[in-house]
Amino acid sequence: MSVRPCPSKHAGNTGAIHPSAVAWPSTVAVIVGLTLGCGSQDMGDPAGGQTTISRPMLVAELPEEVAAIADNLYSESPADRAYAASELGRLGKEAQTAVPLLIDRLEDPDWQVRRQAAEALGTVGDGSAVKPLIDVLSDRNGEWAVRTAAARSLGELGDARAVEPLVAVLNDMNAHVRHMAVIALGQIGTPETLEPLAAASSSDSDAATRFSAAEALGRLEASKVEESP
């Protein structure tokens, strides 16, 4: 790995300062991806080539705990990046300032990092993640585990913009994607979800998908009855 050094704050020192060597204050102004490109990291991809992972341009006030974790989203180690995304998800809404970084990691060269980032975006709960997650879900060439995580998070976010893309993948070849899509549609629960859930409950080839679709449909219909005067 090669790291392009950033200019030091200290006169006469031109070496890069690793974030772990800095004593972070209680809130940290994190300037990511300067126009000079300092701090970019060249990482080997599975095919043996080099993949450049650069921090996106972002200025955000990150709390100390979030800043310490978010820095590892750009670690040389895919395992560290995946763990950092998972930990940000664990923080929930406390990690909302890191949402742009998690969205950026949806394009990580490692699929496990992408999956953890997709899952974290659902638990952090910021609406700006809806469109990027829809893009991940809709990529039929993407890894099923990442697309399933995107479907799950779209359900947790509960945004009606996700209904049409979720319905569109109910004919997906992968049962895991279909299964999570019906669960997500049940969580969103708009009137437009009823017909596709009914169809999936009776015709999907996967038993777990049929069961979850029927369960979601029954819950939504019961809710409609309770709301009736």
- Message: Can you find a residue that is modelled with pLDDT of 95 or more, of a type outside the set (Val, Ile, Thr) and in contact with a Lys or Arg (Cβ under 6 Å, 6 or more places away or on another chain) anywhere in region 157-169?
- Response: no
- Query: Does at least one position in region 97-105 carry a residue that is in a loop (DSSP other than H, G, I, E, B), closer than 25 Å to Arg147 by Cβ, at pLDDT below 95 and in contact with a Leu (Cβ under 9 Å, 6 or more places away or on another chain)?
  - Reply: no
- Among the residues of region 83-95, is any part of a helix (DSSP H, G or I), modelled with pLDDT of 95 or more, surrounded by fewer than 24 Cβ atoms within 10 Å (Cβ to Cβ) and on the phi > 0 side of the Ramachandran plot? yes
- Query: Which ones in region 73-82 are free of Cβ contacts under 8 Å to residues at least 60 places away in the same chain and surrounded by fewer than 20 Cβ atoms within 10 Å (Cβ to Cβ)?
  - Reply: Ser75, Ser77, Pro78, Ala79, Asp80
- Query: Among the helices (runs of 4 or more DSSP H) contained in region 157-229, which hold 3 or more residues that are within 22 Å of the chain's Cα centre (by Cα)?
  - Reply: 163-168, 175-188
- Task: Six or more apart or on different chains, Cβ under 9 Å: which pairs go from a residue in region 180-195 that's under 21 Å from Val136 (Cβ atoms) to one that's at pLDDT below 95? Could you list them?
- Result: Gly186/Arg219; Gly186/Leu220; Thr193/Leu220
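The values are calculated or read from the model by the stated rules, or taken from the named source; none is laboratory data. Please read these numbers as outputs of a predicted model, since none were measured by experiment. Glycine also receives a Cβ, built like all others from the backbone with ideal geometry; neighbour counts cover every protein chain displayed.
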